[in-house]
Amino acid sequence: MPLIDVTGLRHAIAGRPVLDIPHWSVEAGRHCLLLGPSGSGKTTLIHALAGLKRPDQGRILLDGQAVWDLNAAARDHLRGRLIGIVFQTLHLVAALDVAQNLHLARWLAGLASDAGAVAKALDRVGLGARLSARPDQLSQGEKQRVAIARAVVTEPKLILADEPTSALDDENCARVLDLLLEQAAACGATLLVATHDGRTRERITDRMELPRLSALPAEGHAA
Ligand SMILES: Nc1ncnc2c1ncn2[C@@H]1O[C@H](COP(=O)(O)OP(=O)(O)O)[C@@H](O)[C@H]1O
Ligand SMILES: [Mg+2]
């Protein structure tokens, strides 16, 4: 059974088609790149997979469960049990320290409080000494590593990473990909990385390519 199984997925935003995916699946334990130019719907698809944004049409099975047939509470539970997300804009909670951000992720996932798991996840990304730092005391690279640690502290089966390397120089790009691949291996997870960054393409061979279905509004094409 595939971990991700998408059928007949369609979505439009403000009347413009954004996603049209007849069928796509990812086997458990594989890693996959989600490719496509800016505006091709990568973030929209990630949010649909994660149960955060309901698509107009279609079926998304995660580990055999139809995400959008569940009620909101069951969907939250499925997300917590199955998925770790590294958002494009990190979304660390500024009022909480690094360790508390990870504790919050476990709490939201319905997992027992576990200081050992939090310390271990931070240790694995090289931040074992920064448990009580606040996000605004960290560099951008450190914040990103916290976001990665937070995504894996729940031991997800699926790690969704939205453009994790686009703002990074080559060296840090390689480092973040290594880190994501290492973390995926450590929890036996499937990694789905949304990117338009060509530098990621050698490291992960499976790919799903999204076309841009309509022109961006900023481009000013007459329809
Ligand atoms: N909240 C929104 N309001 C209007 N348009 C949106 C909104 N979110 C996304 N879009 C549009 O939907 C399309 C797909 O966006 P997105 O999923 O963010 O693409 P990507 O992540 O590949 O850059 C783009 O054309 C974008 O402009
Ligand atoms: Mg995006």
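Size descriptors for the stretch 3-71, from the alpha-carbon set: Rg then Dmax equal 11.7, 36 Å. At q = 0.32, 0.34 Å⁻¹, what log₁₀ I(q)/I(0) does a Debye calculation on the Cα points of the stretch 133-172 give, no solvent, two decimals? Log10 of I(q)/I(0), two decimals: -1.11, -1.15. Net length available on complete extension from Leu111 to Leu52 is 19.3 nm, with 0.36 nm assigned per residue and the Cα-Cα distance removed. For Leu108, the shell of other residues with beta-carbons less than 12 Å away shows a net charge of +3, using +1 for Lys and Arg and -1 for Asp and Glu. Please report the carbon-and-sulfur percent of the accessible area for the chain; probe 1.4 Å, protein heavy atoms only, DNA, RNA and ligands left out. Roughly 51 percent, rounded to a whole number. Between the beta carbons of Gln140 and Leu216, assuming R0 = 25 Å, the FRET efficiency works out to 0.40 to the nearest 0.05. The stretch 1-157 has equivalent-ellipsoid semi-axes of 30, 18, 14 Å, by the square roots of 5 times the alpha carbon gyration tensor eigenvalues, sorted largest first. Summing Lys and Arg as +1 and Asp and Glu as -1 over all other residues whose Cβ lies under 9 Å from the Cβ of Leu179 gives a net charge of +1.
With a Förster radius of 30 Å applied to the beta-carbon distance between Asp206 and Gln65, the computed FRET efficiency rounds to 0.85. With the Kirkwood sum run over all distinct C-alpha pairs, the stretch 79-197 has a hydrodynamic radius of 14.0 Å. Residues in the chain average 48 Å² of solvent-accessible surface per residue, probe 1.4 Å, ligands and nucleic acids excluded.
The values are calculated or read from the model by the stated rules, or taken from the named source; none is laboratory data. In this text, all values refer to a predicted model and were calculated from it rather than measured experimentally. Every residue, glycine among them, receives a Cβ derived from its backbone with ideal geometry; neighbour counts consider all protein chains shown. What goes into the accessible areas is simple: the full protein's heavy atoms, side chains included, and nothing from ligands, DNA or RNA. Shrake-Rupley method; radii C 1.70, N 1.55, O 1.52, S 1.80 Å.
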